[in-house]
Amino acid sequence: MNGIVIRAAIGLFAAALISGIAIAQNTEVVTVEASRAVSTKTVGYTTSHVPINEVSLSYRVKLSDLDLASNAGATELEKRVNDAAKDACKELTRQYPNATPSDIECAKAAVDKAMVDVRNVIAAAQKKATK
């Protein structure tokens with residue numbers, strides 16, 4: 001049963017992250033959203049009819065003070081996103097100690113999703129700098 005709950009939670013987690021990050025055209029922040037399965041919003045049931053619930057926590061990462069056309073600026077933004085994901089997942093664990101997935105899995109998924117937008121923002125800044 002634990003395997004089913006974990007697989008269902010990971011699937012729900014992945015689905016939530018797909019819609020989790022949005023970046024405006026003139027971006028000043030990147031939003032990092034971490035999700036965990038817990039007991040608040042029912043998003044499904046296990047085979048033994050135990051509700052699977054999900055919560056998420058978003059942290060905003062400031063980037064307006066960074067020169068994203070430089071390697072140092074791009075590296076700093078990636079570091080900030082990693083730190084925000086770890087912090088968000090740790091906070092979810094603090095609030096919901098029995099939630100799944102683990103902090104490491106939670107942070108990795110949040111970072112992976114946010115990095116899509118980070119790479120786009122960095123590429124746009126580097127392209128703009130070469131014009």
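What follows draws every value from the coordinates through simple rules; no lab data is involved. Worth saying up front: this structure is predicted, and the values here are computed from it rather than measured. All Cβ positions, glycine included, derive from the backbone under ideal geometry; neighbour counts span all protein chains shown.
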Efficiency of FRET from Cβ geometry, A129 and E91, R₀ 35 Å, rounded to 0.05: 0.50
Net length gained if the chain between D65 and E105 were fully extended (0.36 nm per residue, minus Cα distance): 11.5 nm
Placed amide H near V29: partners under 5 Å, 5+ positions off or other chain: L63
Within straight-line cross-link reach of K108, aspartates and glutamates at Cα separation under 19 Å, skipping those fewer than 8 residues along the same chain: E33, E54, E76, E78, D83, D87, E91, D117
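Please give the peptides 48-61, 72-85 ranked by average Cβ packing (other Cβ atoms within 10 Å per residue), highest first, as a rough proxy for protection.
Working: 48-61: 15.6, 72-85: 18.1.
The densest-packed peptide leads the list: 72-85, 48-61.
Please give the net charge around N71, taking every other residue with its beta carbon less than 13 angstrom from that of N71, where Lys and Arg add +1 and Asp and Glu add -1. Before the final figure, lay out each step's value.
Values: positive: K79; negative: D67, E76, E78.
Every neighbour counted, the sum reads -2.
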